[in-house]
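The block underneath contains the structure these notes are about, expressed in structure tokens.
The values are calculated or read from the model by the stated rules, or taken from the named source; none is laboratory data. Computed from a prediction, not measured in an experiment: that's the story for all the values here. Here the Cβ positions follow ideal geometry from the backbone for every residue, glycine too, while neighbour counts run over all protein chains shown. Areas reflect the complete protein model, heavy atoms only, side chains present, ligands, DNA and RNA absent. Shrake-Rupley method; radii C 1.70, N 1.55, O 1.52, S 1.80 Å.
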Amino acid sequence: MMDNLRAAANHVVLKIILGLIIVSFILTGVGNYLIGGNNNYAAKVNGQEIGRSQFENAVNSERNRMAQQLGDQFSELAANENYMKSVRQQVLNRLIDEALLDQYAKNLGLGISDDQVKKAIFSTQAFQANGKFDNNRFSAIVNQMGMSTDQYAQALRNQLTSQQLINAVAGTDFMLKGETDELAALVAQQRVVRQAVIDVNALAAKQTASDEEVSSYYDQNKSRFISPEQFRVSYIKLDAASMQENVTDEQIQAYYDQHQDQFTQPQRNRYSIIQTKTEDEAKAVLDELKKGADFATLAKAKSVDIISARNGGDMGWLEDATTPEELKNAGLKDKGQLSGVIKSSVGYLVARLDDIQPAQVKPLNDVRDELAAKVKQEKALDAWYALQQKVSEAASNDNESLAGAEQAAGAKAVQTGWFGRDNLPEELNFKPVSDAIFNGGLVGQNGTPGSNSDIITVDGDRAFVLRISDHKAEAIKPLDEVKTQVSDIVKHNKAEQQAKLDADKLLGELKAGKGDDALKAAGLSFGEAKTLARTGQDPVSQAAFNLPLPAKDKPSFGTANDQQGNVVIMALDEVKAGTMPDAQKKAMVQGITQNNAQIAFEALMSNLRKEAKIKLGDIVAEPQQ
């Protein structure tokens, strides 16, 4: 099933459906979804609430995803109120679709067994260490998501149920063998074509262009002859990496003493638990343990926590941050100590403290090299920040040149050559730097000199101060400067028109059966026959498959333009039935059936939305800060 699902998921709509399920369950957390909504809901779907908290978590997750994907560009988009409203609406639509799919799957009676849930959890790479399932890692990740293991298992069950529905729809489309063979023959068809080429460049060499024609074309197409805005920049670069100095043992020791918390492994405890549904069951388990029953054996037999039970109740090593509050408050202090019956959000627990690993501080010698590098870097950054301040003040005080900044930096400014917006020098190719150059703030008015920039930091360890030393505004090039270029264009346009007229005339002669003499008179002849495939992307191949089929012993004719702009007269002599390898045929069928499955999903979702009772809450349109 999963293999078919993965294949189907290569199409856009299926990716969206899978994405909305996975994103809403895994990224936003499902605690609120499982526990229930609240009065301040985002939407009600056939009576099922999408709570405000769930909706806002989903919006925040989408913002984080977009920020990682788009980088600085997202900051500009996020400042647009209408854009962010549309993002919120898209997120809500995904959550509504998820609810509709979940409800539809339940109506169909689709279900996932406990074994399938376990298998999915154990095979999830995020929960594995060294290729094996790690219960400690699983518990920590689920806890960070604000969920219990039971809540996660239920969420995963819902996800797998929806995947089962997707697979059912995706597997309903197929093609008959006869249909496949006919389509394969059509796709693989080949056409045998002869070509006579009218060389446009050769015709252009024979054309003339009068001054009036050149002037007229220039006046009508001045936008084609614009000289782009040009800049020359002087800049000083400050690099923290170049400012690193050696550090002393005393400095390393001082840093170690002041930051020992960074080199301390906090205390870790190892617990085992047995989870039951009722208090009476937990009391019975506790009585058996007190009578000497083996904890691991009892956990495997009676614990309803499907993950820890597999490991005899073992929860693995837990730090304070990853330890559930119920275990923290159980009063377990000594190795081997049993708890009483603990009431929890997932039922009832009996816990045992298996082991304690005291907090451990790494010796200085073990981290000396790491500390030396860190201290060296911090010293360099401190010096770098101080130098930035010094250079910034100098550049501000002497705003008509970089002379003062050069003296403060102890380095000469670098002068670039001329460049435009599309060929920024590599050494300045950072977005904050390009923004400063091209936003107009450093360019003087009416040709007057501009000002120095503020300090511009990039990548956290480099900074620039710069000024635009020369600037040329965008301008239309004068006719005298581009006259030869315009003349060539006029001649080429004339040649194209002449070639088209000549081709149309020759095409008429060919269709009338007088083509040989006409071609000879034009100094043209058909070349050797070429076999063209439907998959050819060049314009001649595409035009050949639009020609009418040839009659017996009588070709059909047409014209096209080749990739060099020449006019081509085509004679289609023969149409051949092509063959397609089985692997290619299989891929073609798979692509078509998956596309049809995509259409089926669109229809399914459209019908579900049409028949559903969906009520939107007021909170949806309110951007949350």
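Miscellaneous remarks
- When each of the peptides 189-200, 287-298 is scored by how many other beta carbons lie within 10 Å of its residues on average, the order from highest to lowest is 189-200, 287-298.
- When S216, S344 are compared by accessible surface with a 1.4 Å probe, the order from highest to lowest is S216, S344.
- Top positive-direction residue, dipole computed over the chain with Cβ charges, set Q537, V304, T264: V304
- For the chain, with all protein chains in place and a probe radius of 1.4 Å, 46% of the accessible heavy-atom surface sits on carbon or sulfur.
- Computed per residue of the chain from DSSP H runs no shorter than four, each worth -39500 (n - 2.57), the mean residue ellipticity at 222 nm is -15500 deg cm²/dmol.
- Solvent-accessible area per residue for the chain (1.4 angstrom probe, square angstrom): 56
- Nearest 10 degrees, 0 to 90: helix 81-107 Cα axis against the chain principal axis: 70
- All lysines inside 21 Å of K477 as judged from Cα atoms, apart from same-chain residues fewer than 8 positions distant: K222, K491
- Bridge type composition, the chain - antiparallel percent by DSSP, nearest 5: 100
- Acute angle (nearest 10 degrees) that the helix 279-290 long axis makes with the longest principal axis of the chain, alpha-carbon atoms: 60
- Karplus-derived 3J(HN,Hα), 6.51/-1.76/1.60, for each residue of the stretch 317-322, Hz, glycine and proline x: 6, 10, 7, 4, 5, 9
- Largest first, the residues E250, E213 sort by 1.4 Å accessible area into E250, E213.
- Rounded to the nearest 10 square angstrom, T278 shows an accessible area of 60 square angstrom against a 1.4 Å probe.
- Cα-based helix-to-principal-axis angle, 479-511 vs the chain, degrees rounded to 10: 80
- Whether the chain is rounded, prolate or oblate, judged on the alpha carbon gyration tensor where a/c under 1.5 counts as rounded: oblate
- Residues whose amide H comes within less than 5 Å of that of E49, counting only those at least five positions distant or on another chain, are G37 (H built at 1.01 Å from N in the peptide plane).
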